[in-house]
Amino acid sequence: MRRASLVCSVVVLAALSGCTASSDSDRSSDGSSGDPGTGAGPGVDDFGGAAGGEPGGDFTPGATTGGEQADCGRQNFDVERKPASILLVLDRSASMQDDPSGDEGTPSKWDIVVPALQEVIAATNEAASWGLKVFPQGDRTGTCTEESFPGELLIPIASNNAPTVNQAISSTTPEGDGTPTGDAINKAVEYLQAIHNDDPKYILLATDGDPSCPKSDSDEFAVQAVTDAAAAGFHTFVVGIASQESKVKALDGLAVAGLEPRQDPDPLAPRFYLAATKDELVTSLLTITGEVSTCLFPLSAPPPNPDHVGVFVGDQAVLQDTTGTDGWDYTGPDMMTIELHGPACEQVASTGAGSVKVIFGCKDDPIY
């Protein structure tokens, strides 16, 4: 399923908790107690706001309502869905100049991969924060020399980074010798571990097959690197162009180790994402970016009453589920981010993040 790629505003209607009862000194001069219908002033509706009003109206926190000091006000916040961070690890070995079918006159692997990557990166500029690492480093230096091994990152991950990443891809040529896949993944993990935020982070490995550097980059070394990346919290999606059985096997091993294999009911189908043509690769990449589109919604402030929060997708109430299976829950003890799971997250994918509403309610008012 292709998931929504737009990052939309989410309205959080926050009401301060703890509606306090009025005391004798708080009563108005006519003796009214602020009860709705006595001429004292508006009551409080189910959303913690003035009765009969729309969420986000003019009711002011702490305002006196008919002589009663009301602690149930509301504040409106504009928040955005948290984007996923994707580090593209791109194989620029000279074999990417070959065509995948072996027929003369057909596009090379590089000519298939580059425009497809650039199309999808541009389309997901707001839904994902992109970065880029290429490997091997050197040009025509001899297979797996010291210059072949991956060095520094080319483009760090950043929001709205698609133009910068795509320009860097355009400036890259498939002229490298050797395919030190495992070393590239290890360098990617070092970089990702140095980013100190809670954004979900993924590696997207685009390559044409076998790692080719002896000892340090055998198939086993590369698979172990991807396995270690997953253990560190960074799953790897594998996109590959492979025409030989050995390359298919190598890519399958990487895809399974990365914990994000392509789902297919056929047990014999490849587990990596296929890229034999540009259109096929675009489809694969859109599937991947849909998979990592998050259902994470940061809040501007923690709820005043964490047990009295309502979450809605459209008009549908979503209940809290601390198991992370079907519903919503806080992502951490600071209660500054909520995450939707199961059908609720799927509905956001189809209707857009703007359909989500979070309500901070008073402890004595019903939310649902």
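Cβ separations smaller than 8 Å between residues 6+ apart or across chains give the following pairs from the range 187-214 residues that are more than 27 Å from Leu274 (Cα to Cα) to residues that are of a type in the set (Val, Ile, Thr): Ile195/Ile157; Asp198/Thr331; Asp198/Thr337. Provide a single number: the residues in the range 256-285 that are touching a helix residue (DSSP H, G or I) at 6+ places or on another chain (Cβ under 6 Å) and in a helix (DSSP H, G or I). Result for the range 256-285: 5.
All of (1) over 16 Å from the mean Cα position of the chain (by Cα); (2) at pLDDT 85 or above; (3) over 30 Å from Lys249 (Cα atoms) hold for Glu280 with one exception: (3).
Each row is one residue, and each column tells you yes or no for (1) in the same structural domain as Asp91 (by TED's automatic domain parsing); (2) touching a Pro at 6+ places or on another chain (Cβ under 8 Å); (3) farther than 26 Å from Ala123 by Cβ.
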site	(1), (2), (3)
Cys213	yes, yes, yes
Ser218	yes, yes, yes
Ala229	yes, no, no
Phe237	yes, no, no
Ala255	yes, yes, no
Leu274	yes, no, no
Leu286	yes, no, no
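Taken over the range 315-337, the residue count meeting the criterion of being in contact with a helix residue (DSSP H, G or I) (Cβ under 8 Å, 6 or more places away or on another chain) and outside any loop (DSSP other than H, G, I, E, B) is 4. Just to be sure before I move on: is Glu220 of a type in the set (Asp, Glu), modelled with pLDDT of 90 or more and crowded, with 21+ Cβ neighbours inside 10 Å in the structure I sent? No. Considering the range 166-182 alone, what residues qualify as being assigned to a helix (DSSP H, G or I) and in contact (Cβ under 8 Å) with a residue 24 or more places away in the chain? Result: Asn166, Ala168, Ile169, Ser170, Thr181, Gly182.
Only one entry of Gly253, Gly240 meets the criterion of being in contact with a helix residue (DSSP H, G or I) (Cβ under 6 Å, 6 or more places away or on another chain) and modelled with pLDDT under 90, and that entry is Gly240.
For the range 150-165, indicate whether the set of residues that are polar (S, T, N, Q), under 22 Å from Thr277 (Cα atoms), part of a helix (DSSP H, G or I) and at pLDDT 95 or above is non-empty. So far as the range 150-165 goes, no, none of its residues is polar (S, T, N, Q), under 22 Å from Thr277 (Cα atoms), part of a helix (DSSP H, G or I) and at pLDDT 95 or above. Taking the criterion of being closer than 30 Å to Asp208 by Cβ and not in a loop (DSSP other than H, G, I, E, B), would at least one residue in the range 291-314 satisfy it? Yes, the range 291-314 contains a residue that is closer than 30 Å to Asp208 by Cβ and not in a loop (DSSP other than H, G, I, E, B).
The values are calculated or read from the model by the stated rules, or taken from the named source; none is laboratory data. What you see is a predicted model; the values in this text were computed from it and never measured. We place every Cβ from the backbone using ideal geometry, glycine too, and count neighbours over all the protein chains shown.
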